[in-house]
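Heads up, the thing below is written out as structure tokens.
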Amino acid sequence: MKFVAKMLEMKGELTQSDLVEETLLPARTVRYAVNTLEDDGYLESRHYWKDARKRLYSLEVAAVEDSKTVNSNLYNPDDEIGRECREANQ
């Protein structure tokens with residue numbers, strides 16, 4: 001979940017298929033992360049106007065404004081996923 005949240009923080013709005021491509025995680029893992037983050041109130045979604053079958057996901061505005069909460073709950077730059085994010089962006 002942390003990797004998906006961090007990717008949305010970095011890239012903005014993405015579809016689930018975009019998240020699969022960007023994170024290189026299996027679709028099932030991304031789907032689980034998106035559903036969990038949305039249920040916990042960290043994500044908001046809207047219809048993707050280019051393809052009505054898809055949805056665009058982004059971090060909830062309140063969660064982005066309170067970045068200390070987002071970072072402490074979802075992203076730790078020193079854990080394994082944080083290292084993977086840094087390596088992927090280098």
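Values computed for the structure shown
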| item | result |
| --- | --- |
| Long-range amide H partners of LEU43 with built H, under 5 Å | GLU38, GLU60 |
| Rg in Å to one decimal, and Dmax rounded to a whole Å, for the stretch 6-53 via C-alpha atoms | 10.5, 27 |
| Largest-first ordering by accessible area, 1.4 Å probe, given options LYS50, LYS2, LYS11 | LYS50, LYS11, LYS2 |
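The values are calculated or read from the model by the stated rules, or taken from the named source; none is laboratory data. The structure presented is a predicted model; accordingly, all values stated were derived computationally and were not measured. Quick note on the areas: whole protein, heavy atoms, side chains included, nothing else; ligands and nucleic acids left out. Shrake-Rupley method; radii C 1.70, N 1.55, O 1.52, S 1.80 Å.
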